[in-house]
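Structure, as structure tokens:
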Amino acid sequence: MANAEQARLRTGSYVDGNFVERGGGDCLPVLNPWTGEPLADVAAAEPGTIELAIAAARRAFDHSDWSQLPPTDRGAMLTAVANGLAARKQELAELEALNAGKPIIGALREVEGAIRAFTYYAGAMDKYFGDTIPLGKEFLNLTLNEPLGVVGQIVPWNFPLLGASWKLAPALAAGCCCVLKPSPATPLTALLLAEICADAGVPPGVVNILPGGAEVGQQIVTDPRVDGISFTGSTAVGSEIMRMAATSIKKVALELGGKNACIIFADADLRRAAASAAASGFGNAGQSCSARSRILVQRPVVREFVEMFREAAAKLRAGAAMDPETSLGPLISEQHRSGVAASVSTAVAAGARVVHGGKSLAGAGFFFEPTILDDVTVANPIFSHEIFGPVCGITPFETEAEGIQLVNDSQYGLNGSVWSANIGRALRVARAMRTGMVAVNGLPSASKTSIFAPFGGYKQSGIGRELGLEALGFYTEIKNLVIDLS
Ligand code: NAD
């Protein structure tokens, strides 16, 4: 990234319409995972700054007209945010590529996804209205969708700008005021998004961004002035968030981990299934809650499928961040890479066989080879544990019933895909899958993930849904209004 652009980095909290470039908080060293070199020093929000942010959000919600504006007025501001993102698309993509370890092509898609989120919610709230409930001629009974209030939003490091946009856009559309905490590893694009919101006319206090770690998140979650928490991250931390939010009975939405399955029947188009499994399992270097890392293949075609899957994995190219030909980026940190390598060793010790990849790449950066493990049994820890790296395991199955049982043999239930030329069977299996999302014979590419459709999981993959009009359910309260006509 050019030095001139680097000089524009925001490196401190955004509170009540101002950047606090330096406070008393810890310094967060933000790394470039392509090289392991420092990228920026960001000041973590300290308790006083967090207090100011929550007070500003509360004030903006209770004492400004933000929450009462006609939805079209807030929508116009969201359109201006989308336009601001589009105007700075290359700059945002380069920063995201460097900070989150994404090839530039993936980072550009991420910015496009953020633009789509603001565009969609700009036009959503004037279509999200209440009901009239028949109570006979003496009463008129209505429901009103009112904004929830001040919301705390906590996001992880794998899609930093997209994750922040999926939360801010519906919250702002609904009339909420936001206190958002990015991951300490990837705070930079969320801070630029704050600047874009300010330029778009979003009033002070309505959006506040607080970089920092768990302690910043804890202060937001436990503050009684915050009405709801929308969290994306690991299942372990999600459970802790629920526990903390229980004290003041906050509304909670959780987007958590996944150990997603593809189930591939012998009559499937194996080449398409292999290409899709590689895109899903190895895209974003496997650092995706949606990564399908359990590949269940009907026994007669296992060998043929594994060969095609290996060919698809071999096409991935590690390279320079800004090279449009690069398709494999690094993992987020050395610590995370060591964890991925340890999981592969444990899987091999438990009987899995490496048929592709399996090790860290030599040289600078936190790269790990796209890895395919064969002969993964249900008892192997890698069958159940989310690795969050480019590691997929192959597990054979015989019958439809056994395949369904394997898909559902997981604490998680985020998404999955089923591949079969027999549409009746494909739909039977899709309906039997205990997951929030299912793809039949393919999935739109990441760049086409539909903003219109609900995103979220069953079981320990979460509570609630992001995207679509469903997301507005979290950011609103329902008021029932009854009028006596007599
Ligand atoms: P994480 O749970 O460690 O952290 C997520 C966020 O929570 C970060 O901002 C972190 O600083 C904050 N945090 C950590 N401890 C906290 C605490 N005690 N109180 C408040 N905040 C706290 O997750 P991660 O390692 O950043 O991201 C990877 C995980 O996120 C994976 O499990 C992945 O599946 C999940 N994820 C889920 C989705 C989804 O939509 N379902 C999307 C992306 C990532």
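The values are calculated or read from the model by the stated rules, or taken from the named source; none is laboratory data. Not measured: the values here are computed from a predicted model. No Cβ is skipped: glycine too gets one built from the backbone with ideal geometry, and neighbour counts run over all protein chains shown.
Remarks
- Any pair with Cβ under 8 angstrom, 6 or more apart, that starts in the range 142-157 at a residue that is farther than 13 Å from A173 by Cα and ends at one that is among the acidic types (D, E) and within 16 Å of the ligand (Cβ to nearest atom): G152/D223
- Given (1) part of a loop (DSSP other than H, G, I, E, B); (2) under 23 Å from M433 (Cα atoms), index of the condition A275 fails: (1)
- Contact map, the range 61-79: residues that are in contact (Cβ under 8 Å) with a residue 60 or more places away in the chain and aromatic (F, W, Y) paired with residues that are surrounded by fewer than 21 Cβ atoms within 10 Å (Cβ to Cβ) and part of a helix (DSSP H, G or I), Cβ distance under 6 Å, separation 6+ or inter-chain. Pairs shown: F61/S67.
- Any chance P370 is under 18 Å from N260 (Cβ atoms) and away from the ligand (no atom under 16 Å from the Cβ): yes
- Considering residues of the range 266-279 that are of a type in the set (A, V, I, L, M, F, W, C) and surrounded by fewer than 23 Cβ atoms within 10 Å (Cβ to Cβ) only, the residue farthest from the ligand (Cβ to nearest atom): A266
- G436 falls short of the stated requirement of being surrounded by 16 or more Cβ atoms within 10 Å (Cβ to Cβ), over 16 Å from S280 (Cβ atoms), within 16 Å of the ligand (Cβ to nearest atom) and of a type in the set (G, A, S).
- Test result for C197, away from the ligand (no atom under 14 Å from the Cβ), buried (at least 24 other Cβ atoms within 10 Å of the Cβ) and more than 20 Å from L108 (Cα to Cα): no
- Complete set of residues in the range 284-294 that are more than 13 Å from the ligand (Cβ to nearest atom) and assigned to a helix (DSSP H, G or I): none
- Residue check, A55 exposed (fewer than 14 other Cβ atoms within 10 Å of the Cβ), over 30 Å from F282 (Cβ atoms) and of a type in the set (A, V, I, L, M): no
- Residue within the range 347-366 that is touching a Pro at 6+ places or on another chain (Cβ under 9 Å) and in a helix (DSSP H, G or I) present: yes
- Identity of the residue in the range 200-234, touching a Lys or Arg at 6+ places or on another chain (Cβ under 8 Å) and of a type in the set (G, A, S), that ends up surrounded by the most Cβ atoms within 10 Å (Cβ to Cβ): S230
- Wholly within the range 394-486, helices (runs of 4 or more DSSP H) carrying at least 1 residues that are touching a Pro at 6+ places or on another chain (Cβ under 8 Å): 470-474
- Helices (runs of 4 or more DSSP H) fully within the range 53-164 that include at least 1 residues being within 16 Å of the ligand (Cβ to nearest atom): 89-100, 104-122.
- Filter pass, A352 being touching a strand residue (DSSP E or B) at 6+ places or on another chain (Cβ under 9 Å) and either crowded, with 19+ Cβ neighbours inside 10 Å or closer than 19 Å to R292 by Cα (or both): yes
- Test: residue in the range 145-159 that is over 30 Å from H63 (Cβ atoms), out of contact with any Cys (no Cβ under 9 Å at 6 or more places or on another chain) and either surrounded by fewer than 20 Cβ atoms within 10 Å (Cβ to Cβ) or at pLDDT below 95 (or both): no
- Matching residues, the range 241-265, being within 22 Å of the chain's Cα centre (by Cα) and more than 13 Å from the ligand (Cβ to nearest atom): K251, A261, C262
- From L481, L469, residue being in contact with a Leu (Cβ under 9 Å, 6 or more places away or on another chain) and either under 30 Å from V226 (Cβ atoms) or surrounded by fewer than 23 Cβ atoms within 10 Å (Cβ to Cβ) (or both): L481
- Members of the range 213-226 found to be in contact (Cβ under 8 Å) with a residue 40 or more places away in the chain and either over 20 Å from the mean Cα position of the chain (by Cα) or near the ligand (Cβ under 7 Å from one of its atoms) (or both), listed by number: G213, G217, Q219, V221, D223, R225, V226
- Exactly one residue among P390, P381 is touching a Phe, Trp or Tyr at 6+ places or on another chain (Cβ under 6 Å) and modelled with pLDDT of 95 or more, and that residue is P390.
- Every pair of residues 6+ apart whose Cβ atoms lie under 7 Å, when the first sits in the range 113-137 and is acidic (D, E) while the second is in a strand (DSSP E or B): D131/T143
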